[in-house]
Amino acid sequence: MIPAPFDYVAPSSVEEALAALQQHGDDAKILAGGQSLLPVLRMRLNAPELIIDLGRIDSLRGVRDDGDAIVIGAMTPHSVVGADPLVAEHALLVAKAVAHLADAQVRHRGTFGGALAHADPAGDLGGPARALDAQFVIAGPAGTRTVPADDFFVDLFETAISEDEILTEVRIPKHTGWGAHHEKMVRVAHQWPICAVAATARVEGGTIADIAIGLANMGSTPLRARGVEEALRGQPATEDAVRAACGRAAEGANPPSDLNGSAEYRNHVVTVMCRRAVLGAVQGAGA
Amino acid sequence: MTRINLTVDGMKVSDDVEPRMLLVQYLREKLGKTGTVVGCDTSNCGACTVHLDGESVKSCNVLAVQADGHDVTTIEGLAKDGRLHPVQEAFRECHGLQCGFCTPGMIMQSIDLLNHNPQPSEQEIRVGLEGNLCRCTGYHNIVRAVQYASGQLVAAAGEAGGVAEEVTPA
């Protein structure tokens, strides 16, 4: 099937894109990499009158160092993010998650900002974004604002981005020297996970000095496993300590039940995956 | 209609297209490049894989207008002067196909994989071809074809059909 007809503009600046968005309101849809949007259009689940393609705005691409944070342009393809040395050094969890994201073809086209703005609760980047306390830079008619990850994800496929706004970049506070591990459970290759756990940790002298854990597909938005984090901070990085703490991984979660697994199953399996993710992260951090 | 100018298999082309036209439709219906096939409706199968500026993409998941100004290579642009591309040759040598429908996409993705990782392990090949489905379940020989193309397998001498054998490390 092919999409319903639409008009198309490919502005060369964020200002032009915002103007087009303001003029057409909710009849318009932003096209980033298109790896989620185009299937939706082809299946006729959505039929916008206007597509605003951000693909010609060069300023939205690339990864840069900005002091205590790295900044990832919203239109940076996953394959570029995954291979970027700044990401590997300061936000290893992102690199680990990107390696598991869809397949090579999708990683070449799909974009970091597009995937986050799409806000699929089973998406691969929401958990890492929450774990790393990412800051979302959003441009609108009144200027630019920054939204923390805890407030960015509002509900199923819904974010803090308003209809007249565009996500331009994502700032990730540097987590230099932190170990990281992404644990993803899929039924078949390159599918959405039944659930996924993204963990990153800093270890000092065999003790977990700090840890952050994000969960995917355990609710209508990506979640933080705060109970596990609290239980592990300051604890020895041993398998027993991790196993005990990860029993709390599903605290506050409200996972879906579907053909891939019941909510009850997910609430159990997330504790197992959390243990694997945390052990991987602390081992990576030198424990 | 939107004007697009791009290069396809080394040939400059220019057309007015509807913005909703998919790149794969453009290749097949406007340019007659039916070597690139459509195997699914969900962008899962990878049969339509082509290279856009040298990197593999699913051409059912790219609009033709997004390819404006870019360079596209399809399965039909691989052979040079009547000689198959080494990866095409490897698929033939190792019989990396049954019905052949997934083959164009498998070959295009295999080339992309080898461009990024010239000596992939078997596991890396299987992961690297994750976005390509073979419904005949012929993955085994497809993996062998990629190993062969990477120089990690040699054909056994004298056997008709060229049965590939693993290279024994010296």
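The values are calculated or read from the model by the stated rules, or taken from the named source; none is laboratory data. Because the structure is predicted, anything quoted here is derived from the model rather than measured. Ideal geometry is used to build each Cβ from the backbone, glycine not excepted, and the neighbour counts take in all protein chains shown. Each accessible area value is taken on the protein alone, full model and side chains, heavy atoms only, with ligands, DNA and RNA left out. Shrake-Rupley method; radii C 1.70, N 1.55, O 1.52, S 1.80 Å.
Here are the numbers:
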{"quantity": "Failed criterion for B:V87 (all others in (1) out of contact with any strand residue (DSSP E or B) (no Cβ under 9 Å at 6 or more places or on another chain); (2) crowded, with 21+ Cβ neighbours inside 10 Å; (3) within 13 Å of chain A (Cβ to nearest Cβ) hold)", "calculated": "(3)"}
{"quantity": "Residue count, the stretch B:1-37 (criterion: at positive phi and crowded, with 16+ Cβ neighbours inside 10 Å)", "calculated": "1"}
{"quantity": "Single unsatisfied condition, B:F101 versus (1) open to solvent by less than 50 Å² (accessible area, probe 1.4 Å); (2) within 12 Å of the chain's Cα centre (by Cα)", "calculated": "(1)"}
{"quantity": "When residues of the stretch A:1-11 are limited to those that are part of a loop (DSSP other than H, G, I, E, B) and of a type in the set (A, V, I, L, M), the one farthest from A:R107 (Cα to Cα)", "calculated": "A:A4"}
{"quantity": "Complete set of residues in the stretch A:109-148 that are more than 21 Å from A:P77 (Cβ to Cβ) and buried (at least 20 other Cβ atoms within 10 Å of the Cβ)", "calculated": "A:P121, A:R130, A:A131"}
{"quantity": "Filter pass, B:V65 being open to solvent by less than 40 Å² (accessible area, probe 1.4 Å), touching a helix residue (DSSP H, G or I) at 6+ places or on another chain (Cβ under 8 Å) and over 19 Å from A:D103 (Cα atoms)", "calculated": "no"}
{"quantity": "Residue in the stretch A:276-284 that is part of a helix (DSSP H, G or I) and modelled with pLDDT under 95 present", "calculated": "yes"}
{"quantity": "Restricting the stretch B:37-71 to residues that are in contact with a His (Cβ under 7 Å, 6 or more places away or on another chain) and not acidic (D, E), the residue that is farthest from the other protein chains (Cβ to nearest Cβ)", "calculated": "B:L52"}
{"quantity": "The one condition in (1) surrounded by fewer than 24 Cβ atoms within 10 Å (Cβ to Cβ); (2) out of contact with any strand residue (DSSP E or B) (no Cβ under 7 Å at 6 or more places or on another chain); (3) more than 14 Å from every other protein chain (Cβ to nearest Cβ); (4) touching a residue at least 40 places away in the same chain (Cβ under 8 Å) that B:E93 fails to fulfil", "calculated": "(2)"}
{"quantity": "A:D68, sole failed condition from (1) within 14 Å of chain B (Cβ to nearest Cβ); (2) within 23 Å of the chain's Cα centre (by Cα)", "calculated": "(1)"}
{"quantity": "Members of the stretch A:240-255 found to be without any contact (Cβ under 8 Å) to a residue 40 or more places away in the chain and in a loop (DSSP other than H, G, I, E, B), listed by number", "calculated": "A:G247, A:R248, A:A250, A:E251, A:G252, A:A253, A:N254"}
{"quantity": "Tally, over the stretch B:26-51, of residues that are touching a residue at least 24 places away in the same chain (Cβ under 8 Å) and touching a helix residue (DSSP H, G or I) at 6+ places or on another chain (Cβ under 7 Å)", "calculated": "12"}
{"quantity": "Within the stretch B:141-155, tally of residues that are open to solvent by 70 Å² or more (accessible area, probe 1.4 Å) and within 24 Å of A:H100 (Cβ to Cβ)", "calculated": "0"}
{"quantity": "Residues of the stretch B:18-31 classified as touching a Ser or Thr at 6+ places or on another chain (Cβ under 6 Å) and within 13 Å of chain A (Cβ to nearest Cβ), total", "calculated": "4"}
{"quantity": "Matching entry among A:T176, A:T200, A:T207 (being in contact with a Pro (Cβ under 7 Å, 6 or more places away or on another chain) and either modelled with pLDDT of 95 or more or in the same structural domain as A:G247 (by TED's automatic domain parsing) (or both))", "calculated": "A:T207"}
{"quantity": "Enumeration of residues in the stretch A:251-275 that are on the phi < 0 side of the Ramachandran plot, open to solvent by 60 Å² or more (accessible area, probe 1.4 Å) and within 20 Å of the chain's Cα centre (by Cα)", "calculated": "A:N254"}
{"quantity": "Filter result for A:T221 (surrounded by 18 or more Cβ atoms within 10 Å (Cβ to Cβ), hydroxyl-bearing (S, T, Y) and outside any helix (DSSP H, G or I))", "calculated": "yes"}
{"quantity": "Filtered residues of the stretch A:12-52 (kept if assigned to a loop (DSSP other than H, G, I, E, B), surrounded by fewer than 19 Cβ atoms within 10 Å (Cβ to Cβ) and within 13 Å of another protein chain (Cβ to nearest Cβ))", "calculated": "A:S12, A:M43, A:R44, A:L45, A:N46, A:A47, A:E49"}
{"quantity": "Which numbered condition A:G227 fails, given (1) outside any loop (DSSP other than H, G, I, E, B); (2) over 16 Å from A:G127 (Cα atoms); (3) not β-branched (V, I, T)", "calculated": "(2)"}
{"quantity": "Unmet criterion (only one of (1) closer than 30 Å to B:N117 by Cα; (2) out of contact with any strand residue (DSSP E or B) (no Cβ under 7 Å at 6 or more places or on another chain)) for B:D68", "calculated": "(2)"}
{"quantity": "The stretch A:180-204, subset touching a residue at least 60 places away in the same chain (Cβ under 8 Å) and over 29 Å from A:N260 (Cβ atoms), residue most open to solvent (accessible area, probe 1.4 Å)", "calculated": "A:R202"}
